[in-house]
1. Give, as a single signed number, the net charge of other residues whose beta carbon lies under 13 Å from the beta carbon of residue 51, with Lys and Arg counted +1 and Asp and Glu -1.
2. Please check the chain for the longest run free of trypsin sites (Lys or Arg not before Pro) that are loop-located per DSSP (anything but H, G, I, E, B) and have at most 16 other Cβ atoms within 10 Å.
3. Out of the GluC sites (Glu not before Pro) in the range 17-109, which ones are loop residues according to DSSP with at most 12 other C-beta atoms within 10 Å?
4. Once whole DSSP H runs in the chain are found, which of them have Cα atoms spread over 18 Å or more along the helix axis and a mean Kyte-Doolittle score of at least -1.0?
Amino acid sequence: MKKFSKENIKYSFFANTTYALNGLKEVISNETSIKVELIVVIFIWIFLIFVDIELHYKAILGISSLLPILIEFINSAIERCVDLVTQDYHEMAKKAKDAGSAAVFVSIVITTLIWAYCIYAIMLIEA
């Protein structure tokens with residue numbers, strides 16, 4: 001295994017892209033919550049293609065639907081780091097994992113509020 005030092009760490013767009021794609025593949029194949037969230041987002045985007053609302057609302061709703069997935073990837077990274085350090089129960093490990101889960105929950109609440117506001121604004125315009 002290569003030892004990391006300032007001399008052998010160079011920026012490489014292609015290598016970094018490969019690392020990112022490997023991370024996507026690993027998390028998607030091993031995390032049920034990501035799979036569920038991706039399916040929900042796909043249905044949301046299909047719905048947004050066919051619903052008759054202004055383009056900027058479609059953009060806001062479509063992009064905001066990605067927020068929970070983004071935070072889920074961060075949560076998965078936290079969980080893997082904790083599992084790397086210890087597989088035993090430890091209160092600090094539990095707190096770290098719970099904080100990651102809380103971030104996912106808050107992102108879902110924020111996304112829901114964005115959707116509620118947009119739906120309310122759309123209903124006001126049509127009224």
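FYI, it's all coordinate maths here, none of it is from the lab. On a predicted model such as this, the values are computed, not experimentally measured, just so you know. Every residue, glycine as well, gets a Cβ built from its backbone with ideal geometry; the counts of neighbours run over all protein chains shown.
1. Local net charge: -2.
2. Longest gap between qualifying sites, sites excluded: 11-127.
3. 54
4. 13-30, 32-50, 67-85, 91-126
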